[in-house]
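Step one of this worksheet: look at the structure below.
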Amino acid sequence: MLLRDLRNLFHKDLKSVYPEAEIDSILDILLEHYLGIGRFILALQPRYSLTKEEEQPLIEALARLMDEEPVQYITGTAHFFGLDLKVNPNVLIPRPETEDLIRWILQDINDHKQELKILDVGTGSGNIAISLAKQLPAAEVHALDISAEALE
C-alpha cells in the first residue's frame with residue numbers, strides 16, 4: 001500500500017470521529033511509533049510504499065481508533081513535559097494543561113528556596129511526580145495510587 005493511500009484510508013474511516021487535522025496528527029504519531037517514519041516523509045514521498053508487515057500494525061491501530069480508543073493507549077506512550085510516559089487504560093492520559101501545573105510549581109519553588117518533600121496522591125501515570133523529580137533532583141518525591149495496575 002502506498003503511504004498516501006494509507007492516509008486516505010485513515011481519513012475516510014475516521015472522518016466521523018476526528019477532525020481532519022487530528023487524523024493527520026494521529027497518523028504521524030503511528031508512523032513514527034511503528035515504522036520510525038517522520039511526518040515529513042508523507043509530504044516528501046507520498047508514493048512511499050509500505051510492505052504488508054509494515055501496514056499490519058497501522059491497520060490494527062485504525063480499527064482501534066474507529067472504536068475511539070485514544071492513540072496514546074494504542075502506542076502505550078504519552079508525551080508530557082519533555083518525557084515519554086508509559087500509559088494504558090489503567091491510567092488517565094496526561095493532559096497538556098497539567099504541564100502548566102508543573103511550570104507553576106517550579107516557578108513557586110524557585111521563589112521560595114527550601115528543602116522539598118513532594119507527595120503526589122492519586123499519581124496515575126506518575127506524570128506529575130516524575131516530571132518534578134526530573135526537574136528537582138534534590139527533592140524527595142513520593143507517588144501514591146490506590147490502583148496497583150496504575151502503579152505497575
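If only residues of the stretch 1-52 that are in a helix (DSSP H, G or I) and small (Gly, Ala, Ser) are counted, the one that is modelled with the lowest pLDDT is Ala43.
Any chance the stretch 90-98 includes a residue that's within 18 Å of the chain's Cα centre (by Cα) and over 30 Å from Ile146 (Cβ atoms)?
Checked the stretch 90-98: no residue is within 18 Å of the chain's Cα centre (by Cα) and over 30 Å from Ile146 (Cβ atoms).
Name the residues in the stretch 54-86 that are open to solvent by 80 Å² or more (accessible area, probe 1.4 Å) and over 21 Å from Asp13 (Cβ atoms), would you? Residues satisfying the conditions are His79, Gly82, Asp84, Lys86. Of the residues making up the stretch 97-128, those that are out of contact with any Phe, Trp or Tyr (no Cβ under 9 Å at 6 or more places or on another chain), more than 21 Å from Tyr73 (Cβ to Cβ) and not aromatic (Phe, Trp, Tyr) number 19. Against the numbered list (1) assigned to a helix (DSSP H, G or I); (2) within 29 Å of Pro89 (Cα to Cα); (3) open to solvent by less than 70 Å² (accessible area, probe 1.4 Å), Val141 comes up short only at (1). Residue count for the stretch 35-45 under the criterion of being loosely packed, with under 13 Cβ neighbours inside 10 Å and more than 21 Å from the chain's Cα centre (by Cα): the result is 2.
Evaluate the stretch 114-131: report whether one residue or more is without any contact (Cβ under 8 Å) to a residue 40 or more places away in the chain, surrounded by 12 or more Cβ atoms within 10 Å (Cβ to Cβ) and in a helix (DSSP H, G or I). There is at least one residue in the stretch 114-131 that is without any contact (Cβ under 8 Å) to a residue 40 or more places away in the chain, surrounded by 12 or more Cβ atoms within 10 Å (Cβ to Cβ) and in a helix (DSSP H, G or I).
If I go through the stretch 55-77 residue by residue, how many of them are assigned to a helix (DSSP H, G or I) and either at pLDDT below 95 or hydroxyl-bearing (Ser, Thr, Tyr) (or both)? Number satisfying all stated conditions: 2.
Of all residues in the stretch 18-46, how many are farther than 16 Å from Ile59 by Cβ and out of contact with any Lys or Arg (no Cβ under 7 Å at 6 or more places or on another chain)?
Qualifying residue count, the stretch 18-46: 16.
Just one of (1) open to solvent by less than 40 Å² (accessible area, probe 1.4 Å); (2) closer than 30 Å to Ser131 by Cβ; (3) at pLDDT 95 or above; (4) part of a helix (DSSP H, G or I) fails for Pro94. It is (4).
The values are calculated or read from the model by the stated rules, or taken from the named source; none is laboratory data. Quick caveat, the model's predicted, so the values are computed rather than measured. Glycine also receives a Cβ, built like all others from the backbone with ideal geometry; neighbour counts cover every protein chain displayed. All accessible areas refer to the heavy atoms of the entire protein, side chains included, with ligands and DNA or RNA removed. Shrake-Rupley method; radii C 1.70, N 1.55, O 1.52, S 1.80 Å.
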